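Inspection log for the structure reproduced underneath, given as structure tokens.
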Protein chains: 2
Amino acid sequence: MIIALILTLGLLALLTALFFARQVSSVSIEKGAASADEVAKLKEISIAIADGAMAFLKREYKILAIYMLAFAVIIVFTIQDHSGQGIPIGPYSAISFLIGAAISVISGYIGMKIATKGNVRTAAAARISLKESFNISFRSGAVMGFGLTGLAVLGLLLVYLGFDALLPAALQGRETLIMEILSGFGLGGSSVALFGRVGGGIYTKAADVGADLVGKVEAGIPEDDPRNPAVIADNVGDNVGDIAGMGADLFGSVAESTCAALVIGAAAFATAPDDIKPFALLFPILVSAIGIVASLVSMFFARPTKEEKVEGALKATLTISTLIMLAAVYPLSMNMLPASFSLVEGGTTFTNLGVYFSIAAGLISGLLIGLITEFYTSHRYKPVREVADASKTGSATNIIYGLSLGYNSAVIPMFLIAVTVVLGYTQAGMYGIAMAAIGMLGTIAIGLTIDAYGPVADNAGGIAEMAGMGKDIRDRTDSLDAAGNTTAAIGKGFAIGSAALTSLALTSAFLTSAKITEINMLEPIVMAGLLVGAALPFSFSAMTMRSVGLAALAMIEEVRRQFREKPGILKGTDKADYARCVDISTQSSLHEMIKPGLLVILSPLIIGFLFGVQMLAGVLIGALITGVMLAISMANSGGAWDNAKKFIETGELGGKGSDAHKAAVVGDTVGDPFKDTSGPSLNILIKLMAIISLVFVPFFVQYNGILID
Amino acid sequence: MIIALILTLGLLALLTALFFARQVSSVSIEKGAASADEVAKLKEISIAIADGAMAFLKREYKILAIYMLAFAVIIVFTIQDHSGQGIPIGPYSAISFLIGAAISVISGYIGMKIATKGNVRTAAAARISLKESFNISFRSGAVMGFGLTGLAVLGLLLVYLGFDALLPAALQGRETLIMEILSGFGLGGSSVALFGRVGGGIYTKAADVGADLVGKVEAGIPEDDPRNPAVIADNVGDNVGDIAGMGADLFGSVAESTCAALVIGAAAFATAPDDIKPFALLFPILVSAIGIVASLVSMFFARPTKEEKVEGALKATLTISTLIMLAAVYPLSMNMLPASFSLVEGGTTFTNLGVYFSIAAGLISGLLIGLITEFYTSHRYKPVREVADASKTGSATNIIYGLSLGYNSAVIPMFLIAVTVVLGYTQAGMYGIAMAAIGMLGTIAIGLTIDAYGPVADNAGGIAEMAGMGKDIRDRTDSLDAAGNTTAAIGKGFAIGSAALTSLALTSAFLTSAKITEINMLEPIVMAGLLVGAALPFSFSAMTMRSVGLAALAMIEEVRRQFREKPGILKGTDKADYARCVDISTQSSLHEMIKPGLLVILSPLIIGFLFGVQMLAGVLIGALITGVMLAISMANSGGAWDNAKKFIETGELGGKGSDAHKAAVVGDTVGDPFKDTSGPSLNILIKLMAIISLVFVPFFVQYNGILID
């Protein structure tokens, strides 16, 4: 019955996505267009962006395929059945891994495809009305949101059913084995996210910074000017980083937190009564599936009629879906879980109500973290205004206040995560932490819809500018874009918060799987692990920040070369070579992600192999702690600098062109890699390290820290 | 015998300090002076600086006195003998606390006194020769280095002897009780450091930034120009922050790490044979005392004859003193400690050789951390040159590369600390960690000498400029100052590294005292502690960065007011009101330190009282981890920006006045609060929280986390 329910809800999500995809595709660019010339221009630009985005994906997927196969081979040969029953757990995990990766890739592909259709249609529809234009970008986002959630839920269910059918019926610890194999699925999703978030993050900012520094600063042409050879790469970047990257990141979170809950739950519910056991085992997937309905209902409330109401409408969907989830999950928890259970034989007894409280804690703190993020990054509130004000005394004070804001903004979210952990753990042990993560990600379908809406609207603005659609249209797309900026900030806070809980859940699952119930911080090896782990996010951030610098440099040189060799470009008599810039961004971003990527993948493998699971647990927690603090503060500093600049551009403190504005531009540029590359990439660092640890537990346990034993 | 030895070495340090103090004071300003007018000017300026520094100290000490008395009262009433023998441990700890504070205050006072004598004499002697000039500043530093170390060693010994005489002979756990009372001494020293480092740090940068922004940028007068009303405050700041603040910080580290070792050692050696027990108990103090001899010997190697050799000579003393310590501590460890011992009855057995290895690990990693810091902050190496290079594309890239450098620079020191912890712990348990901290601080007398040398030379340059002594003299003082900048960076790395180990040692002592041998990271309350603790350094840094901004603003307004109301100042016909600026810096810095100060003091008290020692342990470790990473990266980013600017000023990349230089100035300004306020203040955060936890253990144990039980 539960299987049928999850299947139905998963298919519902896919149908929703399909429905919106058809709706968006069926909108004609010609409708309402000012002239045939405009239509031609719009088409030309949108094809260039779509081609660029696909070129990046194609290249990325090629490398990804090699990486995935290599990693799959490693999984096959290193992971052995530590229950001693001779199950080919290595090959099985590898299959699960490849399926997870494939589904994540498909989700990213669909998101990009629809976003590159939606952007030009949003621009064209802006001629008709704000509402029309909003609807197209919002629905484009929904294709991503619902498509991805549906695929995640169905993928997890089908892989579970597959291995359930494949494994002999009389195995010892059968459920745990299945769930451990299933965690390969999460690893697959997360590996794609590494490419999407880190590679995509470097791509988008290299193109952005490169386009701005040569175009706006050196050549003095406006943003999104079609004469700028990097302009298409810049717009491609929005899709690559903010749609495919963000999507892969959150797909990873859903897959990973569900895997974590399944692994822990398998041990807990193995001895549950037969009438309730199948429900209890698959309960985590069901919660995500219910989120699909909650998100769908909340979408009906997103009907802004005036420009200033767009942001409110988007935010309302989040609150409404959270409330629906809070109401819907309660009866499910009470009926589908055993009234009392314990995670290990003879351990503490927990209740189904406790599980509900854990999920609720995740849902509520997720919403709160989002709202706090908005407080620190929107220029309607004091913090960003202070940063804007500090720009009056120059860029140095702008930087100091922006950094300080970022540091501050991470404090309450960290406290909220701490409260959630305590609540989840006291209510339902490690299972509670995993379910809190799933709760926080419960509204992911609508969350991702809003997230993906932003870059579509942003792109639409760029396209309107490039096609010369005029100020009225640009104003309309700008108001859609502004709302998207705020929701993007909320989305980032949300992504980091859920990454933190997911990583904790994975660490819990890793410990459960390694049969460890205690990590004594006073053991020197654990303490050393904490210290080493704490250093990794700093090292990683340093790498990604430099990577953006280096990739941007390559872009700057190419744009300069084109301007130098073809002077006609700036005069408008010659065409800029967009493809070459797209190519450079693609190449350098994929090259620059190698070092940070290796750091993330090799650290847990090497430490676990050489020093064992105790130190590895320390490393995971150490990295989690500094990673979350850095990620939140970097994302919010970046968002605040961006909006401080925008605040000044509304005419405050001297307006555009004033000294304060120049100072604010410096902060904005520093903030670019902060908020779109280094900050979000840290999500991947903390999650990927944890899921690698979980998947490779059998390998670590087998060698048991060869250097210390 | 050991008592006599420590007494002798302590007195030797004091005599050395006295000897150098007399030598410096006896130098005549008239000797070699160009004219009577120059002598008069030199005297006038130096008196203004000395008066300003004393005015700050006086005001600070007044507030400090109130704070100390209030805190002493709290100690008297909250701390009760948890061994149940009715010893008035509260009042005794309060006495020990007040003595520690008093000695730290005296050390700071002496350091300031001699520094404000040495600065003008260094300037005057620069007319005679580089050697003469170097000697005066170096010896001024030595007064601080040896005076402070001597007072610390003697103070600890005498307080120990006093309570040893006072307590009944037949007490249970007598040694432990004495050492717990003694830890009040460390708390006293550390509380003064809070005022010195945080208050002093805000003072020095508020004055610096204020003087630069109005003087250099707005009025277009050179640095250290006597027409600038804030110029004296700026020079006072060097003494207040870099001498008194740094001194109080390191005095705190020595006192605290020794207390930690004494508390842990008391439990370990209580059952040692009678012939060795007194040696073993006081061994930690003896190691510090031996460091006095090692430092003294190394001083003879500091004889630079040419300008480019100053830095090498200073660095050599550190290496030499480390080598001497490594040789000298070996026989002492082997003879004065029991050949085998365990920290708790029936616990792991450790050896005296193990203790030696722990000390050696501290000594060596301290030196390495210093050298790595130099690599990342000196413009002779690649990292700073990259930051300078990045200035070519503007201040944003300068900031990005500087931040990235800081993040990177913290990774290896963190690994070194991790290795030291593992080594210390496996060799001698928690005692090993404490002894590693003492080892790292073993060469403190010479380390502090070099540290205090820097601001004296810096001040001398300022005085030479203000007195109009000409370019030749200024070049000479600049070369002394440049060497001081490098050694200051080394000193900062050293201070942070030792603060980390000290804090770990204190946490170990705190756990020993609370009879906790295990902190399970998987307990939700511990995990929550880690998360909350990790957020504190970010919150604290945000506060101190803003504080500098606010205090600088007050200074800017005052300087503008003076220029506006007395136009004669800029023309040189009217005198600037220096005293008013000194007053404003004093007032606003003391006001601005209240909030961060309360955060540091109240956090451990509230958490320990409400949630108990387990969560508090998590908080301490969480704060330690992020605190160390942030402190190192902030200090090194700041140092690198400073030196990147200096590198460009040598004529590279367009030299002074070029666009690259302007970009580098932005980085330098951002770096000011980073390296001189927020970064170093984090040392205090991690140490003070830990020592408060140690001292208040009886209080926490009594209530045992009232909210969770």
Subject >> Any hit, segment A:605-620, residues being open to solvent by 10 Å² or more (accessible area, probe 1.4 Å) and over 30 Å from residue A:515 (Cβ atoms) >> reply: no
**OP:** Return the total of residues in segment A:191-211 being more than 16 Å from residue A:679 (Cβ to Cβ) and at pLDDT 90 or above.
**Re:** 2
Original post:
Within the set of pairs 6+ apart or on separate chains, which have a first residue in segment A:695-709 that is in a loop (DSSP other than H, G, I, E, B), a second that is open to solvent by less than 10 Å² (accessible area, probe 1.4 Å), and C-beta atoms under 8 Å apart?
Top reply: A:696/A:79; A:696/A:604; A:696/A:608; A:704/A:612; A:705/A:608; A:705/A:612; A:708/A:612; A:709/A:612
**OP:** May I ask you to list the residues in segment A:528-548 that are open to solvent by 10 Å² or more (accessible area, probe 1.4 Å) and facing another protein chain (nearest Cβ under 7 Å)?
**Re:** A:532, A:539, A:546
Original post:
On the given criteria, is residue B:212 open to solvent by 10 Å² or more (accessible area, probe 1.4 Å), under 30 Å from residue B:42 (Cβ atoms) and more than 24 Å from the chain's Cα centre (by Cα)?
Top reply: yes
Subject >> Identity of the residue in segment A:23-57, small (Gly, Ala, Ser) and within 26 Å of the chain's Cα centre (by Cα), that ends up modelled with the highest pLDDT >> reply: A:25
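Given A:407, A:431, A:425, which one is within 14 Å of chain B (Cβ to nearest Cβ), closer than 30 Å to residue B:205 by Cα and aromatic (Phe, Trp, Tyr)?
Numbers: A:431 fails: closer than 30 Å to residue B:205 by Cα; A:425 fails: closer than 30 Å to residue B:205 by Cα.
After ruling out the rest, the residue left standing is A:407.
Please find, among A:463, A:446, A:473, A:438, the residue that is farther than 30 Å from residue B:516 by Cα, modelled with pLDDT under 90 and not charged (D, E, K, R).
Numbers: A:463 fails: modelled with pLDDT under 90; A:446 fails: modelled with pLDDT under 90; A:438 fails: modelled with pLDDT under 90.
Just a single option satisfies the conditions, and that option is A:473.
With the requirement that a residue be of a type in the set (A, V, I, L, M), in contact with a Gly (Cβ under 6 Å, 6 or more places away or on another chain) and within 20 Å of residue B:545 (Cβ to Cβ), what does segment B:626-661 give you? Can you show your working first?
Restricting attention to segment B:626-661, the residues satisfying the condition of being of a type in the set (A, V, I, L, M) are B:628-632, B:634-635, B:640, B:644, B:648, B:653, B:660.
Okay, now just the ones that are also in contact with a Gly (Cβ under 6 Å, 6 or more places away or on another chain), so B:631, B:634-635, B:640, B:660.
Across segment B:626-661, the qualifying residues are B:631, B:634, B:635, B:640.
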Original post:
In the list A:446, A:496, A:438, A:450, which residue meets the criterion of being surrounded by 24 or more Cβ atoms within 10 Å (Cβ to Cβ), within 14 Å of chain B (Cβ to nearest Cβ) and aliphatic (A, V, I, L, M)?
Top reply: A:496
**OP:** Sort out which residues of segment B:412-422 are open to solvent by 20 Å² or more (accessible area, probe 1.4 Å) and either at the interface with chain A (Cβ under 7 Å from one of its Cβ atoms) or in contact with a strand residue (DSSP E or B) (Cβ under 9 Å, 6 or more places away or on another chain) (or both), and write them in order of number.
**Re:** B:415, B:422
**OP:** Please find, among B:133, B:140, B:104, the residue that is more than 30 Å from residue B:41 (Cβ to Cβ) and in contact (Cβ under 8 Å) with a residue 40 or more places away in the chain.
**Re:** B:104
**OP:** Name, by its number, the condition in (1) assigned to a helix (DSSP H, G or I); (2) farther than 30 Å from residue A:189 by Cβ; (3) within 14 Å of another protein chain (Cβ to nearest Cβ) that does not hold for residue A:672.
**Re:** (2)
Original post:
What number of residues within segment B:549-579 satisfy the criterion of being closer than 16 Å to residue B:227 by Cβ and surrounded by fewer than 16 Cβ atoms within 10 Å (Cβ to Cβ)?
Top reply: 11
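Within segment B:77-99, does at least one residue satisfy the condition of being more than 24 Å from residue B:168 (Cα to Cα), in a helix (DSSP H, G or I), free of Cβ contacts under 8 Å to residues at least 24 places away in the same chain and open to solvent by 20 Å² or more (accessible area, probe 1.4 Å)? Walk me through it before giving the result.
Quick first cut of segment B:77-99, residues more than 24 Å from residue B:168 (Cα to Cα) only: none.
No, there is no match, as no residue in segment B:77-99 is more than 24 Å from residue B:168 (Cα to Cα), in a helix (DSSP H, G or I), free of Cβ contacts under 8 Å to residues at least 24 places away in the same chain and open to solvent by 20 Å² or more (accessible area, probe 1.4 Å).
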Original post:
In segment A:643-661, is there at least one residue being within 12 Å of chain B (Cβ to nearest Cβ) and surrounded by fewer than 24 Cβ atoms within 10 Å (Cβ to Cβ)?
Top reply: yes
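Quick check on residue B:391: is it over 23 Å from the mean Cα position of the chain (by Cα), open to solvent by less than 10 Å² (accessible area, probe 1.4 Å), within 11 Å of chain A (Cβ to nearest Cβ) and hydroxyl-bearing (Ser, Thr, Tyr)? Give the derivation first.
Numbers: over 23 Å from the mean Cα position of the chain (by Cα): yes; open to solvent by less than 10 Å² (accessible area, probe 1.4 Å): yes; within 11 Å of chain A (Cβ to nearest Cβ): no; hydroxyl-bearing (Ser, Thr, Tyr): yes.
The answer is no for residue B:391.
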Subject >> Candidate set: segment B:102-154, residues that are buried (at least 24 other Cβ atoms within 10 Å of the Cβ) and of a type in the set (Lys, Arg); chosen: the one nearest to residue B:294 (Cα to Cα) >> reply: B:139
Original post:
If you check B:594, B:601, which single one turns out to be out of contact with any Leu (no Cβ under 9 Å at 6 or more places or on another chain), surrounded by fewer than 23 Cβ atoms within 10 Å (Cβ to Cβ) and more than 12 Å from chain A (Cβ to nearest Cβ)?
Top reply: B:594
Original post:
So which residues in segment A:670-709 are open to solvent by 10 Å² or more (accessible area, probe 1.4 Å) and over 22 Å from the mean Cα position of the chain (by Cα)?
Top reply: A:699, A:701, A:702, A:703, A:704, A:706, A:707, A:708, A:709
**OP:** Report yes if residue B:67 is under 21 Å from residue B:195 (Cβ atoms), touching a residue at least 24 places away in the same chain (Cβ under 8 Å), among the aromatic types (Phe, Trp, Tyr) and in a helix (DSSP H, G or I), otherwise no.
**Re:** yes
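The values are calculated or read from the model by the stated rules, or taken from the named source; none is laboratory data. Since the structure is predicted, the reported quantities are computational estimates derived from the model, not experimental observations. Heads up, the Cβs are rebuilt from the backbone with ideal geometry, glycines too, and the neighbour counts pull from every protein chain shown. For the accessible areas, the whole protein counts, side chains as well, though only heavy atoms, and no ligand, DNA or RNA atoms are used. Shrake-Rupley method; radii C 1.70, N 1.55, O 1.52, S 1.80 Å.
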